[in-house]
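As structure tokens, the structure follows; a few thoughts come after it.
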Amino acid sequence: MSDADLPERIGTGIPGLDEMLRGGFFVGTANVVSGDSGTGKTIFGTQFIVEGAKNGENVMCIITSEESKSIVREMKTSFNWDLEEYVKEGKLTFVDITDPSLRLQKSVEIAPSELIKSFKKLVESKIEEIKPTRIFIDSIEALFLAIESNYKLRTLIDDVFSVFRKHQVTSVITVGSMYDLDEMVEYGADSVIKVGRIIAGNNLQRSIYVMKMRGSGTINEVRVLNISDNGMAVLAQSPYLE
């Protein structure tokens with residue numbers, strides 16, 4: 001296959017990760033970052049869209065579990081990433097659960113599937129309006145936890161992911177480890193990156209590995225995930241070494 005025939009890739013903005021992915025995410029794919037609470041999923045997704053905004057791209061951040069001002073404050077104090085400035089420049093658009101068109105609480109109480117239909121419709125209209133290259137959803141489980149049928153859950157996950165693929169938007173979607181929902185979300189994704197924590201001797205290390213990536217080889221290693229004042233980076237070493 002010639003270089004012209006190869007699918008286009010997009011850099012993650014996370015030093016060391018593109019090497020593991022053999023060049024970054026494929027454009028127009030749904031990429032899941034999965035892990036327990038506190039493993040760095042929100043930082044990962046934010047760093048991904050900050051990379052796009054720094055490059056002059058239009059990006060979108062969809063918040064399902066808190067208001068956007070919480071992430072804005074956290075990223076400013078932790079890494080000096082000025083998300084508000086990107087919003088003012090028109091490069092970053094937030095979509096909050098507080099948006100009245102989602103009617104989150106009412107929809108969850110009456111018909112969870114209607115919430116997801118409203119969410120999908122809103123996201124698609126925002127994509128058509130803003131034309132982002134990157135989207136970060138933090139986190140997806142808030143939409144799907146109330147769906148009892150696994151068949152229905154799989155269908156709805158595929159429906160949401162298909163919106164990003166249809167519009168050739170590269171998305172990072174975080175999911176927590178709970179009630180096996182993460183496995184269902186991972187199944188429908190184009191790639192899955194697992195983040196976690198490992199105890200090696202007296203050391204507590206953050207870890208990262210690529211669980212799957214459709215259409216591409218990857219580096220099949222568990223590596224150290226380092227979080228510093230500059231953000232997140234993948235180190236070319238094993239977290240199991242004491």
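The values are calculated or read from the model by the stated rules, or taken from the named source; none is laboratory data. These numbers were taken from a predicted model, which means no experiment stands behind them. With ideal geometry, Cβ positions are generated from the backbone for all residues, glycine too; neighbour counts draw on all protein chains shown. These accessible areas exclude ligands, DNA and RNA; they are computed on the full protein's heavy atoms, side chains included. Shrake-Rupley method; radii C 1.70, N 1.55, O 1.52, S 1.80 Å.
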Determine the order of 218, 174 by accessible area, beginning with the largest, at a probe radius of 1.4 Å. 218, 174
Two-site label geometry, residue 218 and residue 230: point separation in nm, points 7 Å out along Cα→Cβ: 2.5 nm
Over segment 143-242, with every protein chain in place, what whole percent of the accessible area is carbon and sulfur at 1.4 Å, could you tell me? 46 percent
Can you tell me what share of the DSSP beta bridges in the chain is antiparallel? A percent to the nearest 5 is fine. 45 percent
Between residue 198 and residue 84, what is the spin-label point distance in nm, taking each point 7 Å from the Cα along the Cα→C-beta axis? 4.0 nm
In degrees rounded to 10, the 0-90 angle between helix 112-130 Cα long axis and the longest Cα principal axis of the chain is 80 degrees
Between 0 and 90°, nearest 10: helix 150-166 axis offset from the chain longest Cα axis: 80 degrees
So if R0 is 45 Å, what FRET efficiency would residue 54 and residue 148 give, r being the distance between their Cβ atoms, rounded to the nearest 0.05? 0.60
In nm, the gap between the two label points placed 7 Å beyond Cα toward Cβ at residue 117 and residue 177 is 3.6 nm
Going by alpha carbons, how many degrees (0 to 90, nearest 10) lie between the helix axis of 41-54 and the longest principal axis of the chain? 90 degrees
Note on the chain: contact order normalised by length, alpha-carbon pairs under 8 Å, 6 or more apart, percent, works out to 28 percent
Tell me, which longest segment in the chain has none of the trypsin sites (Lys or Arg not before Pro) that fall in DSSP loops with at most 13 further Cβ atoms within 10 Å? 23-213
